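The values are calculated or read from the model by the stated rules, or taken from the named source; none is laboratory data. All values derive from a computational prediction rather than experimental measurement. Counting neighbours? That spans all protein chains shown, and the Cβs are built from the backbone with ideal geometry, glycine included.
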Amino acid sequence: MRKKMLGVVLGCTLGGLQAQAAEFRCQDDVPVVNYSRHEQRLVDQFWDETLTYLDQYLGALKTPTGHCKDSAEATIQTYDSKTGKQQTRCIMKYRDMQLLAKHVKAVLAEPDKAKACFDPQKDYMAFPLYTPSKTVQALSPVSKWINRPLLTDYFEKIGGDISAAGLELNKNFLAVTSRTDTGKHFRKDVSANTLENPRGESTHHDGEDSRNHFSSNRSEYPRGGWTPDAREHSGKDFGENTSEHPRGGWNPHSSEQFSKDVSIRGLPTLWSSVGWIPFYAENADAGSERFRGGYLYAEVMGPWGNLRIKDIDGETVGAEIGMTVQLFNTFYPFHYHHPQEIYMTLTKPQCIDQNKYMVIHWDSDEFKHQRVENGWTVEIDGSDGRWQQWFANQDPNKEWLTYFERNAIHAFNALEGCNQTIENSGLVTVWARSTSQDNEQSTRLCRNAEGGKLLMPGDKAVCDLHDWVAK
């Protein structure tokens, strides 16, 4: 009788799990490739670090901070004209963020299904993807195998100040992206010296508080990053599912190659193998030439990234998650876009005002507005030092998370403070958008109201907003 009851319970449980199983539909441009055993190991290594990145990101969003009880607290305006103060909100109160979290959770719960939509983009043809330098490429056998063109070669051919800035950033990419602090809002960093100490012995003795906000699961990860022979020594193939998750989902505690540091120090394969884009290098309207050469972004998950999922159970996946890098002594001019955007600051500043940013809702009383056909003209006047009250300091501990609502005007300022040398400066973030498959996706730059290509924080600017029309 007990065996019979056990069979009934087990059958019901399995049936329930099957009923909950999600259906993933990939984008049409995800290729089906038959890899060799060696290539599959490399793809699996890339995929594993992608899962770590997504897991850490989801944990950060859902762990309470500030005044929030059920999620992280995000800055949504650095200056609210009604109060003269910053405005914050619990980030998971937004419906688009609830869907983003739901879809990332589905990926982590059923990684084998989601993996069908994963593309290392080795021969991606939609647009060029790059690796910053030979030094970065050497961080992982995966990056060497993908063998993307180098940004150092790209910028060598451009010439001028754009070239100089691009070479400065990409030759020093490792130094800039390593200057991060993920100890407070990501899981405890037990492998901060993964690159310098590949066997994983901990040398992290700075006495920092190891508490974190990225997961309610406080278990320690195995120490150390992935090494080429890690699975060989353990007798397990890279493609083998070693998870003990009750639904067969991804379990970070089962894989020795995972670390908890989401920067290049903890995930060298991900940061060296993802495709980097010099987004503004060839855009003559994108401000100073130093900024145009000194800005990069990469997309891990999303319509143009490695993990390209069209929908899950028929529900459109809007999650677009990656990272950005900005060179010091640059200003990312005022800009806006329809999709909501989220930034988590990773760079550990040398001084409190090293990196600053602003975000103000487009319809704020701080700006002037005029209705035009199919949109609005928004006039920004930061002259006479007025702009300074709009900007807030960025750091990975306190001012670490921000959420930009649709068409919010925002900018990133790495001009002032102690930005003096490449080794101790720059701005590195975890970047995301939550509605990457609806409406217009283009990032639009505001223009100088008095003409000219250059736009600085104190200049008068005009932003030409388009109406958002639901599809």
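Miscellaneous remarks
- Qualifying residues in the stretch 393-402 (those that are surrounded by 21 or more Cβ atoms within 10 Å (Cβ to Cβ) and in contact with an Asp or Glu (Cβ under 9 Å, 6 or more places away or on another chain)) - the one nearest to Tyr79 (Cα to Cα): Thr402
- When the residues of the stretch 429-471 are filtered to those that are among the small types (Gly, Ala, Ser) and crowded, with 19+ Cβ neighbours inside 10 Å, the one that is nearest to the chain's Cα centre (by Cα) is Ala432.
- Once the stretch 404-428 is narrowed to residues that are under 22 Å from Cys351 (Cα atoms) and among the β-branched types (Val, Ile, Thr), the residue that is surrounded by the most Cβ atoms within 10 Å (Cβ to Cβ) is Val428.
- With a requirement of 1 or more residues that are under 22 Å from Thr83 (Cβ atoms), the strands (runs of 3 or more DSSP E) lying completely within the stretch 332-390 that satisfy it span 356-360, 368-372, 375-381.
- So Thr152, is it at negative phi, touching a Ser or Thr at 6+ places or on another chain (Cβ under 6 Å) and either assigned to a strand (DSSP E or B) or among the charged types (D, E, K, R) (or both): no
- Any hit, the stretch 364-382, residues being buried (at least 19 other Cβ atoms within 10 Å of the Cβ), of a type in the set (A, V, I, L, M) and either in contact with a Ser or Thr (Cβ under 7 Å, 6 or more places away or on another chain) or under 21 Å from Ser178 (Cα atoms) (or both): no
- Complete set of residues in the stretch 434-471 that are more than 20 Å from Phe404 (Cβ to Cβ) and in a loop (DSSP other than H, G, I, E, B): Ala449, Glu450, Gly451, Gly452, Lys453, Leu454, Met456, Gly458, Asp459, Lys471
- Residue in the stretch 358-381 that is out of contact with any Asp or Glu (no Cβ under 6 Å at 6 or more places or on another chain), closer than 26 Å to Trp271 by Cβ, of a type in the set (D, E, K, R) and in contact (Cβ under 8 Å) with a residue 12 or more places away in the chain present: no
- Within the stretch 53-80, tally of residues that are in contact (Cβ under 8 Å) with a residue 60 or more places away in the chain and in a loop (DSSP other than H, G, I, E, B): 4
The rows are residues; the columns are (1) touching a Pro at 6+ places or on another chain (Cβ under 6 Å); (2) under 30 Å from Phe367 (Cβ atoms); (3) of a type in the set (Phe, Trp, Tyr); (4) buried (at least 18 other Cβ atoms within 10 Å of the Cβ).
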| position | (1), (2), (3), (4) |
| --- | --- |
| Val32 | no, no, no, no |
| Val43 | yes, no, no, yes |
| Asp48 | no, no, no, yes |
| Ala60 | no, no, no, yes |
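- Within the stretch 153-178, considering residues that are modelled with pLDDT under 95 and over 23 Å from the mean Cα position of the chain (by Cα), the one surrounded by the most Cβ atoms within 10 Å (Cβ to Cβ): Ile158
- Considering the stretch 131-146, the residues that are polar (S, T, N, Q) and assigned to a helix (DSSP H, G or I) include one that is nearest to Ser273 (Cα to Cα), namely Ser143.
- Taking each residue of the stretch 439-456 that is at negative phi and looking for partners that are among the β-branched types (Val, Ile, Thr) and outside any loop (DSSP other than H, G, I, E, B) with beta-carbon atoms closer than 9 Å, six or more apart or interchain, yields Cys446/Val378; Cys446/Ile380; Cys446/Ile409; Cys446/Val462; Arg447/Val462; Asn448/Val462; Ala449/Ile380; Ala449/Val462.
- Near pairs, Cβ below 6 angstrom, 6+ apart or cross-chain, from the stretch 95-110 (in contact (Cβ under 8 Å) with a residue 12 or more places away in the chain) to any residue that is among the basic types (Lys, Arg): Ala109/Arg247
- Selection of the stretch 311-336 for residues being modelled with pLDDT under 95 and on the phi > 0 side of the Ramachandran plot yields only Asn329.
- Residue under evaluation His338, criteria (1) in contact with an Asp or Glu (Cβ under 6 Å, 6 or more places away or on another chain); (2) within 28 Å of Ser178 (Cβ to Cβ), criterion not met: (2)
- No other residue among Thr83, Thr88, Thr50 is in a strand (DSSP E or B) and modelled with pLDDT of 95 or more apart from Thr88.
- Of all the numbered requirements in (1) surrounded by 24 or more Cβ atoms within 10 Å (Cβ to Cβ); (2) in contact with a strand residue (DSSP E or B) (Cβ under 6 Å, 6 or more places away or on another chain), Arg292 misses one, and that requirement is (2).
- Of all residues making up the stretch 271-287, the number that are touching a helix residue (DSSP H, G or I) at 6+ places or on another chain (Cβ under 8 Å) and surrounded by 20 or more Cβ atoms within 10 Å (Cβ to Cβ): 8
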